[in-house]
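Peer 1: This is the structure I want to talk about, given as structure tokens.
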Amino acid sequence: MMWWLLACSVQESEKIENIPSEEPLPDITEEVLDQGTLDPSQDTQGRVVKRMRVDQVRDSMEQITGTVWGNNNSKWDLYAQSLGVPDYQQRMTEDRSPSVMFQKFLNDAATESCAEWMEADTDMFVADATSLETSDVLSNIEHLRWLIQGHAKGGEAAILQDYTALHQSVWVRTDSTDEAWHTVCVALFTHPDFWMY
């Protein structure tokens, strides 16, 4: 019996010695932040990323836009069960996968919230057709990206050019600056940089 106890204690001490030492986390540069990720399982640093909870998405969108999706009766609450929010009777944990259902409701919420935000805060969006210089549009998109996705201003992220091109494309096709800004606003909210962390 004594030999068995000695063998166990040796094995336990070997386990303790074989625990890898903690290495410091790598620095996260602005370049890494600007890259974002479309892969919901890992970012560029190998860190597992997660989707925000439904209440976090709801609160963030409401705070940014100053509007409630569904006005007095929040549609976030109405569709909570479909979005995987636990009811503590049939489901105990929240489904935080970036499912098609979640993305569909996020798109609906962004579409309505952006429209109401644009009506309530006309100064936020450059609506004057005469001031649609590319630099003005880029500057405004950079500001919106900072508000919605939290990315610092002043970066040279390629995605800023993509948002500017999206704005110009919609404006040329529809001849409506409102439609162009609405499309950019929805794109910013539905991008993983808003709802993943």
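The values are calculated or read from the model by the stated rules, or taken from the named source; none is laboratory data. The model shown is predicted, which means the values in this text are computed figures rather than measured ones. Neighbour counts are summed over all protein chains in view; Cβ atoms, including those assigned to glycine, are modelled from backbone coordinates with ideal geometry. Side chains are part of the model used for accessible areas, which takes the heavy atoms of the whole protein and leaves out ligands, DNA and RNA. Shrake-Rupley method; radii C 1.70, N 1.55, O 1.52, S 1.80 Å.
Peer 1: Answer yes or no: is there a residue in segment 125-137 that is open to solvent by 20 Å² or more (accessible area, probe 1.4 Å) and within 19 Å of residue 60 (Cα to Cα).
Peer 2: No.
Peer 1: Continuing with this model, one more query. Surrounded by fewer than 18 Cβ atoms within 10 Å (Cβ to Cβ), part of a helix (DSSP H, G or I) and among the small types (Gly, Ala, Ser): which single residue out of 109, 152, 115 fits that description?
Peer 2: Of the residues listed, the single one that is surrounded by fewer than 18 Cβ atoms within 10 Å (Cβ to Cβ), part of a helix (DSSP H, G or I) and among the small types (Gly, Ala, Ser) is 115.
Peer 1: Can residue 193 be described as open to solvent by 40 Å² or more (accessible area, probe 1.4 Å), over 18 Å from residue 118 (Cα atoms) and under 20 Å from the mean Cα position of the chain (by Cα)? Even if it seems obvious, please write down each step before you answer.
Peer 2: On the way: open to solvent by 40 Å² or more (accessible area, probe 1.4 Å): no; over 18 Å from residue 118 (Cα atoms): yes; under 20 Å from the mean Cα position of the chain (by Cα): yes.
In short, no.
Peer 1: Taking segment 156-190 as the region of interest, how many residues are among the small types (Gly, Ala, Ser), part of a helix (DSSP H, G or I) and either out of contact with any His (no Cβ under 8 Å at 6 or more places or on another chain) or surrounded by fewer than 20 Cβ atoms within 10 Å (Cβ to Cβ) (or both)? Give the derivation first.
Peer 2: First pass over segment 156-190, keeping only residues among the small types (Gly, Ala, Ser): 157-158, 165, 169, 176, 180, 187.
Next, only the ones that are part of a helix (DSSP H, G or I) stay: 158, 165, 169, 180, 187.
Subset that is either out of contact with any His (no Cβ under 8 Å at 6 or more places or on another chain) or surrounded by fewer than 20 Cβ atoms within 10 Å (Cβ to Cβ) (or both): 158, 165, 169, 187.
Going through segment 156-190 one residue at a time, the tally reaches 4.
Peer 1: Pairs only if they're at least six apart or on different chains, beta carbon under 9 angstrom, first in segment 176-197 and farther than 15 Å from residue 103 by Cα, second of a type in the set (Asp, Glu); list them, first residue then second.
Peer 2: 177/128
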